[in-house]
Amino acid sequence: RNLKDRDALNELWKGFLSLRVQMARNAGFADYRAYRWKQFKRFDYSPADSAAFQSAIEQVVVPAVSRLNARHKADLAITSLRPWDANQHQFIDSRARPPLKPFSDVSVLEARAASIFTSVDPALGAYYNTMRREGLLDLPSRKGKAPGGYCTAFPVAQRPFIFMNAVGLHSDVDTLLHEGGHAFHVFESAGLKSHLLQDVPMEFAEVASMAMEMLASPYLAQDRGGFYSPADAARARFEHLDGNLRFWPYMAVVDAFQHWVYTHADAAADPAACDATWSGLYRRFHPDFDFGGLEAELANGWHQKLHIFQAPFYYIEYGLAQLGATQIWRNAKHDQAGAVAAYRRALALGGSAPLPALFAAAGAKFAFDPATLGELVGLMEREMDDLRAAGG
């Protein structure tokens, strides 16, 4: 389907790129990257830092994912890893187990999420129960309902609202935990005197949500208030960490591609050059995959990332946020109460501090280096080994 739309999307791309180059020129910038950096208010890191983060991912995450892929190939008894055998979007179970089914009635999702949030921290559980009492949750899917899931805020009422479309899959659990983190951000920062101080940088807004997914993960088993048998809880946690590891290399591809585009705008006006650059970057960060006979599909990958067309340079935020969230999870493994207290203090700052200070308040380091990333990757791999032994 994407290949059928290739020509039309390429024409749209050339129009977008031309307009963006002109916008930057009109505003007195050397290129659109410099313009967009200023527009995004990225005062705390530079394009060079983005390149350093890409390099760190290549050094420490790509080898870790290769180790996962080697085990995956052994499990499947295959010698060549094809794109459908594993990808960055969805865990593919080598044992062909049916999908996890955490609930059949959304009331179970709502109630057990309350138990999980309370286990993470009683005050967070109280925030969530306030949302339950005040009708601030719209969780089930129904005919005519808009798709998707998000958390929004009602600033005057100082309340969040969570909207989603739960149908009984594990992804619904992840979504509610994720949006719960955003909701807690609203509660914690509501006391800031100026609503402008509640404008949180996206790099940290997603720390709130991603960290909550990870802080909640020990409580997914039924005997800890969650949804699953111990083996299925281990499986859910393994799949989550697997997805997190696989995300970083894909994020690096998207980020590096956009840096190339807007510093080589003349070349990027030729979609064939974009195809070649995307293919090269994808192979660089995903070296284990065999794309024989699928070269056109590989080259077309940049067409399938909406951010490249509609929100240029908006993607590294998720990789940096995942770095912060994983550090909070690391801290919680040694001192949950202390880690959650720091997490809450950081959320209470809203957008009143720069990114390094927000990360530091949460007990994390705002960094781009292979040492920081490598420590976390090693921890994730060890945790995945333990979870795999437990049935994950």
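Number of Lys pairs in the chain with C-alpha atoms less than 21 angstrom apart, excluding same-chain neighbours closer than eight positions?
The result is 5.
Tally the DSSP beta bridges in the chain and give the antiparallel ones as a percent, rounded to 5.
50 percent
Accessible area per residue of the chain at 1.4 Å probe, in Å²?
Result: 43 Å² per residue.
At q = 0.20 Å⁻¹, what is the log10 ratio I(q)/I(0) for the range 239-304, with the Debye formula run over Cα points and no solvent?
-0.81
Cα-based Rg (one decimal) and Dmax (whole number) for the chain, in Å?
21.4, 61
When Rg is the radius of gyration of the Cα atoms in the range 1-80 and Rh is its Kirkwood radius, what does Rg/Rh come to?
Ratio value, two decimals: 1.20.
Compute from the Cα atoms of the range 108-181 the Rg and the Dmax, the latter being the longest Cα-Cα distance, and quote both in angstrom.
12.0, 36
Give the Cα extents of the range 139-210 along the principal axes, in whole Å, largest first.
So the three principal-axis extents are 40, 23, 15 Å.
Calculate what fraction, in whole %, of the accessible area of the chain sits on carbon and sulfur atoms when a 1.4 Å probe is rolled over the protein chains.
Exposed carbon and sulfur together represent 55 percent of the surface.
The values are calculated or read from the model by the stated rules, or taken from the named source; none is laboratory data. Because the structure is predicted, anything quoted here is derived from the model rather than measured. Note: accessible area is taken over every heavy atom of the protein model, side chains too, but ligands, DNA and RNA are not part of it. Shrake-Rupley method; radii C 1.70, N 1.55, O 1.52, S 1.80 Å.
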